[in-house]
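The structure under discussion appears below in the form of structure tokens.
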Amino acid sequence: MTALINNLHHEGAREVCRAHNDRPDALLEILHETQKADGHLSDEALVTIADALNISRADIHGVVSFYHDYRREEPAQHQIQLCRAEACQAVGSEALAAHAEKKLDVATGEKTADNKIGLSAVYCLGNCALGPAAMIDGKLIGRMTPERLDVLIAKLMGAPS
Ligand code: FES
């Protein structure tokens, strides 16, 4: 197992480390840039970064797990984010989220088995007056209803990847 882990290499992550002169104090920027290129932080990328910066793999895993912005898994092709903060809760966001989970057959924080749609919670999208608020693939949508969400999900399911 050790030999297998030691053979992991990610050329993209190595390039990012070189661009930062393999400086351990640039770890957060290196992680961000690597994730931006790949969409997530793979085992190969983390091992490569740890080796390049001469920091322990345990330390790098600690940093990655501490910050919620870092993803260890490949993201779904489409992202549905539903606001679950107070103003949206007051106008039905919890029922909307339950509807979305049932419709997609996933829990919040998961993605569909075909990797097509990811469902996640956010806590205020700055659209409180038009709740329940949603963000779908980066587009803010107000006054979301289960019926509107069903139409949008159908479009995402049929959308080319
Ligand atoms: S509470 Fe939902 S957008 Fe602010």
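The values are calculated or read from the model by the stated rules, or taken from the named source; none is laboratory data. Small disclaimer: the values here were computed from a predicted structure and weren't measured. Methodologically, a virtual Cβ is constructed for each residue, glycine included, from the backbone with ideal geometry; neighbour enumeration extends over all protein chains shown.
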Some residue of the range 69-82 being touching a helix residue (DSSP H, G or I) at 6+ places or on another chain (Cβ under 6 Å), within 16 Å of the ligand (Cβ to nearest atom) and in a strand (DSSP E or B):
yes
What tally of residues in the range 42-78 results from selecting those that are of a type outside the set (Val, Ile, Thr), at pLDDT 95 or above and in contact with a Lys or Arg (Cβ under 8 Å, 6 or more places away or on another chain)?
5
Among (1) touching a helix residue (DSSP H, G or I) at 6+ places or on another chain (Cβ under 8 Å); (2) closer than 13 Å to HIS78 by Cα; (3) among the polar types (S, T, N, Q), THR145 falls short only on (2)
Output yes when any residue across the range 97-114 is buried (at least 17 other Cβ atoms within 10 Å of the Cβ), assigned to a helix (DSSP H, G or I) and within 16 Å of the ligand (Cβ to nearest atom), and no when none is.
yes
Can you tell me how many residues in the range 129-160 are within 16 Å of the ligand (Cβ to nearest atom) and crowded, with 17+ Cβ neighbours inside 10 Å?
9
